[in-house]
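First the structure, in the form of structure tokens, and then the observations on it.
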Amino acid sequence: QVQLVESGGGLVQAGGSLRLSCAASGSIFRINAMGWYRQVPGKQRELVAIITSGGTTKYADSVQGRFTISRDNAKNTVYLQMNSLKPEDTDGYYCELDFNLLRSSWGQGTQVTVSS
């Protein structure tokens, strides 16, 4: 059993910052990658940022230069620092963990709302 606990969402004005956290616990022997996705109801979930076990990162074009993903391997935790937030960043943000042998798990989601 694996559990992901997300935190850090909230309401912020345009131009502001938020930091999301996602802590993984349970029967995890190897983390291959951790990432953040976002989704609004009725739309497909899209990748925001991902970081591999080797530290390689990838970002959506829409957040490149504004968001930074990082990991604390000792804590099995991934962070998403979001700066210069825009109203179009408003979404539910979901943490995803790729672990062990071809397994994945999702967090429950945290809401980010950016007011103009």
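The values are calculated or read from the model by the stated rules, or taken from the named source; none is laboratory data. Quick caveat, the model's predicted, so the values are computed rather than measured. Don't worry about glycine lacking a Cβ; one is built from the backbone with ideal geometry, like all the others, and counts go over all protein chains shown. Heads up: the accessible areas ignore ligands, DNA and RNA and are worked out on the full protein's heavy atoms, side chains in. Shrake-Rupley method; radii C 1.70, N 1.55, O 1.52, S 1.80 Å.
Mind listing just one residue for me: the one in segment 70-85 that is in contact (Cβ under 8 Å) with a residue 60 or more places away in the chain and assigned to a loop (DSSP other than H, G, I, E, B) and, of those, least open to solvent (accessible area, probe 1.4 Å)?
Of the residues in segment 70-85, the ones in contact (Cβ under 8 Å) with a residue 60 or more places away in the chain are 79-85.
Restricting the remaining residues to those that are assigned to a loop (DSSP other than H, G, I, E, B) gives 83-85.
Numbers: Asn83: 56, Ser84: 62, Leu85: 4 Å².
Per the criteria, the residue is Leu85.
Please go through segment 32-45 and give me each residue that is open to solvent by 20 Å² or more (accessible area, probe 1.4 Å) and in contact with a Ser or Thr (Cβ under 9 Å, 6 or more places away or on another chain), ordered by number. Spell out the reasoning first.
Step one: list which residues in segment 32-45 are open to solvent by 20 Å² or more (accessible area, probe 1.4 Å), which gives 32, 37, 39-45.
Asn32, Val40, listed by residue number.
Scanning segment 28-83 for residues that are of a type in the set (S, T, N, Q) and touching an Asp or Glu at 6+ places or on another chain (Cβ under 7 Å) yields Asn32, Gln39.
Report, by residue number, each residue of segment 29-57 that is at pLDDT below 95, among the hydrophobic types (A, V, I, L, M, F, W, C) and not in a loop (DSSP other than H, G, I, E, B). Result: Ile31, single match.
Of everything in segment 46-63, what is open to solvent by 80 Å² or more (accessible area, probe 1.4 Å) and closer than 21 Å to Phe99 by Cβ? Give them in sequence order. Outline the logic, then answer.
Filtering segment 46-63 down to residues open to solvent by 80 Å² or more (accessible area, probe 1.4 Å) leaves 46, 56, 58, 61.
Passing the criteria: Thr56, Lys58.
Within segment 105-115, if we keep just the residues that are of a type outside the set (Phe, Trp, Tyr) and surrounded by 13 or more Cβ atoms within 10 Å (Cβ to Cβ), the residue that is farthest from the chain's Cα centre (by Cα) turns out to be Val114.
Determine, yes or no, whether Val12 is farther than 26 Å from Gln1 by Cβ, modelled with pLDDT of 95 or more, under 12 Å from the mean Cα position of the chain (by Cα) and surrounded by 13 or more Cβ atoms within 10 Å (Cβ to Cβ). Answer is no for this residue.
Condition first: in contact (Cβ under 8 Å) with a residue 12 or more places away in the chain, under 14 Å from Arg19 (Cβ atoms) and not in a loop (DSSP other than H, G, I, E, B). Can you find one or more residues in segment 86-94 that meet it? It would help to see each step written out before you state the result.
Quick first cut of segment 86-94, residues in contact (Cβ under 8 Å) with a residue 12 or more places away in the chain only: 86-94.
Of the ones still in play, those that are also under 14 Å from Arg19 (Cβ atoms) are 89, 93.
Those left that are additionally not in a loop (DSSP other than H, G, I, E, B): 89, 93.
Yes: segment 86-94 contains one or more residues that are in contact (Cβ under 8 Å) with a residue 12 or more places away in the chain, under 14 Å from Arg19 (Cβ atoms) and not in a loop (DSSP other than H, G, I, E, B).
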